[in-house]
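Engineer: What follows is a structure written as structure tokens; I'll ask about it next.
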Amino acid sequence: MNCQQLYAQSLLFHLKKRIKFFRGKNILFLCILFALPFTITGQKLADPIKVNQVGYYVNEPKIAVITGKVTSGSFCVVSADGKDTLYQGVLDNEKKSAYSSTFTRIADFTSFKKTGSFIIRIHGLKQSFPFQIKNDIYNELGKAVLKGFYYQRSSMPLDENFAGKWNRPAGHPDAVVLIHPSAVTDDRPAGTIISSPGGWYDAGDYNKYIVNSGITMSTLLSAYEDFPAYYDTLQTNIPESNDKIPDILNEVLYNLRWMFTMQDPFDGGVYHKCTNAEFGGMAMPGITKAPRYVVQKSTAATLDFAAVMAQAGRIFKKMKNELPRLADSCLKASANAWYWALKHPDVQYDQAILNKEYKPAIMTGAYGDKQLEDEWMWAATEMFVTSKNKMYFEVIEQNINDSVTLPSWSSVRMLAYYTMLRCENNLPKYAREMVQLMERRMLKLADEYLANVSSNAFATVMGQSKKDFVWGSNAVAANQGILLINAYFLTGERKYILGAMSNLDYLLGRNATGYCFVTGFGTKSPMHPHHRPSIADGIDEPVPGLLVGGPNPGRQDKCKYPFTDPETSYVDSDCAYASNEIAINWNAPMVYLVNAMEAMKYELGFLWK
Ligand SMILES: [Ca+2]
Ligand SMILES: [Ca+2]
């Protein structure tokens, strides 16, 4: 029996079942059932064949995961128009998810190497969403997730030529920003007004946070440092696309120039955030005129700032003609921040305590961090690698400990690892032993990620541990991918790239929810992210190129979720800030991961074997 026959039989089977059930009931309802035979069951059952909805490289692994109960052991790859059956394969044995009652079977069609648009059919199940197979499969996605940052720009209008139907007037000029009472100093007394324009909105809200800018900027700058030739020609249709600076660096510069304004020129300390006192309503940016503040300086913000400026200085030094004096400004800002941090080594931003002392109370994202050894280590590393000054190396030695974890906004130690490994050939001999230690530790973590992919119900690196499903779990998946790419840099072993690719499949649809988690991509894609412009702009489609947070069983938003297992606790609702918000520190690793695939395709050629 071929796949068309299989499909016809399965269609008949379902209709018969439903006709039996509805016999004697409303005939009109029956007609609707005929028209939409498989779309009225629950979330899991509705889309039982999970594919990467963007698609697959011709010569790389191609896996679909089946979550419905199957009565047949085979599957077919069919042309997207449903006419031609092109490949038949056998489903793998059933696996049970470690965190839910979901059973899965793997459909591996790696050996199918035709280019085009396809679907997968299995007897008794709704067919898969369409996907493509081609050699530049992530080209558009790579540009779109970088362009996502352009849509987050504050203080400038988004012109229709660049923003399309999502064009909008400028929001939040931030030319008048008050020094919050928590941040008052002799040089900037109460009532002082500063200007802090530019930068990206952090997430679904309209505030700008230095700590979260830290890891975001580092991830984008590292993407450039790791793949300069690729990014030198990557254009994203932004206002600066025709200048001589790579667009990824134009985008970074937009936030970097804002970061400069967050440093107090009198002492070098860096304000924790530029913010409204409270989150605004679901309106377009610039609609509300509530006062903006910079709040207390913190050691975490100041060290993150020092790290970013040191890395930016290293990169922009090579663009002296296009950006004269910028690198020097970065290095000076970095050093001034460092000296402030030395004098104030442990100033934490504790919003609850500050709100007892100062008015108005600040209720926006706190990004409080009590553990600062990792910030010290990261800042010292970027400054050491840029300056080769042994003073910073000694601080790295003091702050390196046994903990090796994926990076997050509050845990930035791994960013130091990446930089040391990337720049190892330019480091003094005395640093070699430490670099080797870092290499061993990073590879150990990478190997742990790869060890159990085959026993995972979705055959991905992501989701092997319940701990992966935290707030922003999709960034965990993307950051695991980056770590595996770094392991590839060290070893040249292809298995690490395949691990990273498995997480891209996860993010683009091969997961328990069946969602392709980037707005504007895939068939089943978030339409209602917790993102104020997407909610308020009156356009059906959300702003494109944004990665939503992903499954988070914590469900801190208290919204209604159809499923609550770690791997399924996601809902496409703008209420759901705990699983369906967007954020710059989530988009950045997606930019790195997606574009790394496209970059290595050209730079290393391994995808063309
Ligand atoms: Ca440019
Ligand atoms: Ca920390």
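Engineer: Just to confirm my filter: which helices (runs of 4 or more DSSP H) fall fully inside the stretch 429-545 and include at least 3 residues that are free of Cβ contacts under 8 Å to residues at least 24 places away in the same chain and surrounded by fewer than 24 Cβ atoms within 10 Å (Cβ to Cβ)?
Structural biologist: Working: elements: 432-451, 473-491, 494-507, 532-536.
Of the helices (runs of 4 or more DSSP H) lying wholly inside the stretch 429-545, those with at least 3 residues that are free of Cβ contacts under 8 Å to residues at least 24 places away in the same chain and surrounded by fewer than 24 Cβ atoms within 10 Å (Cβ to Cβ) span 432-451.
Engineer: Here's something else I'd like to know. Consider the stretch 302-334. How many of its residues are crowded, with 24+ Cβ neighbours inside 10 Å and among the hydrophobic types (A, V, I, L, M, F, W, C)? Give the steps one after another, and end with the answer.
Structural biologist: Here is the first cut: in the stretch 302-334, the residues crowded, with 24+ Cβ neighbours inside 10 Å are 302-312, 316, 330, 333-334.
Cutting the leftovers down to among the hydrophobic types (A, V, I, L, M, F, W, C) gives us 303, 305-310, 312, 316, 330, 333.
So the answer is 11.
Engineer: Provide a single number: the residues in the stretch 112-167 that are assigned to a loop (DSSP other than H, G, I, E, B) and more than 22 Å from Tyr592 (Cα to Cα).
Structural biologist: Within the stretch 112-167, the subset assigned to a loop (DSSP other than H, G, I, E, B) is 112-115, 122-130, 134-138, 152, 154-157, 159, 167.
Narrowing the set further to residues that are more than 22 Å from Tyr592 (Cα to Cα) leaves 112-115, 122-130, 154-157, 159, 167.
Counting residues in the stretch 112-167 that are assigned to a loop (DSSP other than H, G, I, E, B) and more than 22 Å from Tyr592 (Cα to Cα) gives 19.
Engineer: Quick one: is Leu45 open to solvent by 50 Å² or more (accessible area, probe 1.4 Å), at pLDDT below 85 and under 31 Å from the mean Cα position of the chain (by Cα)?
Structural biologist: Details: open to solvent by 50 Å² or more (accessible area, probe 1.4 Å): yes; at pLDDT below 85: yes; under 31 Å from the mean Cα position of the chain (by Cα): yes.
For Leu45, the condition - open to solvent by 50 Å² or more (accessible area, probe 1.4 Å), at pLDDT below 85 and under 31 Å from the mean Cα position of the chain (by Cα) - is met.
Engineer: Quick one: Asp187 ticks every box in (1) out of contact with any Pro (no Cβ under 9 Å at 6 or more places or on another chain); (2) more than 30 Å from Ala416 (Cβ to Cβ) except a single one, so which number is it?
Structural biologist: So Asp187 meets the others, but not (1).
Engineer: So, Gly124, is that one touching a residue at least 12 places away in the same chain (Cβ under 8 Å) and buried (at least 21 other Cβ atoms within 10 Å of the Cβ) or not?
Structural biologist: Values: touching a residue at least 12 places away in the same chain (Cβ under 8 Å): yes; buried (at least 21 other Cβ atoms within 10 Å of the Cβ): no.
No, not satisfied.
Engineer: Cβ-Cβ distance below 8 Å, separation of 6 or more or different chains: which pairs start in the stretch 553-567 with a residue that is among the β-branched types (Val, Ile, Thr) and surrounded by fewer than 16 Cβ atoms within 10 Å (Cβ to Cβ) and end on one that is in a loop (DSSP other than H, G, I, E, B) and at pLDDT 95 or above?
Structural biologist: Partner pairs satisfying both residue conditions: Thr564/Pro553; Thr564/Arg555.
Engineer: Sticking with this structure for a sec: Only one of Val58, Val145, Val77, Val51 is within 18 Å of Asn511 (Cα to Cα) and in contact (Cβ under 8 Å) with a residue 24 or more places away in the chain; which? Break it down into steps so the answer makes sense when it comes.
Structural biologist: Working: Val58 fails: within 18 Å of Asn511 (Cα to Cα); Val145 fails: within 18 Å of Asn511 (Cα to Cα); Val77 fails: within 18 Å of Asn511 (Cα to Cα).
Answer to the selection: Val51.
Engineer: Based on what the data block shows, is Leu256 away from ligand 2 (no atom under 16 Å from the Cβ), within 30 Å of Thr192 (Cα to Cα), surrounded by 19 or more Cβ atoms within 10 Å (Cβ to Cβ) and at pLDDT 95 or above?
Structural biologist: When the stated conditions are applied, Leu256 passes them.
Engineer: Asn242 - would you say it is within 16 Å of ligand 1 (Cβ to nearest atom) and free of Cβ contacts under 8 Å to residues at least 60 places away in the same chain? Talk me through it step by step, then tell me what you get.
Structural biologist: Details: within 16 Å of ligand 1 (Cβ to nearest atom): yes; free of Cβ contacts under 8 Å to residues at least 60 places away in the same chain: yes.
When the stated conditions are applied, Asn242 passes them.
Engineer: Among the residues that make up the stretch 235-250, is at least one of them at positive phi, part of a loop (DSSP other than H, G, I, E, B) and surrounded by fewer than 22 Cβ atoms within 10 Å (Cβ to Cβ)?
Structural biologist: Of all residues in the stretch 235-250, those at positive phi come to 237.
Checking the rest, the ones that are also part of a loop (DSSP other than H, G, I, E, B) come to 237.
Checking which are surrounded by fewer than 22 Cβ atoms within 10 Å (Cβ to Cβ) leaves us with 237.
Within the stretch 235-250 (the criterion being at positive phi, part of a loop (DSSP other than H, G, I, E, B) and surrounded by fewer than 22 Cβ atoms within 10 Å (Cβ to Cβ)), the answer is yes, since at least one residue qualifies.
Engineer: Hey, another quick one. Within the stretch 286-334, how many residues are more than 22 Å from Leu372 (Cα to Cα) and aromatic (Phe, Trp, Tyr)?
Structural biologist: The qualifying residues number 2.
The values are calculated or read from the model by the stated rules, or taken from the named source; none is laboratory data. Computed from a predicted structure; not experimentally measured. Neighbour counts run over all protein chains shown; Cβ positions are idealised from the backbone, glycine included. Protein only, heavy atoms only, side chains kept; ligands, DNA and RNA dropped before computing areas. Shrake-Rupley method; radii C 1.70, N 1.55, O 1.52, S 1.80 Å.
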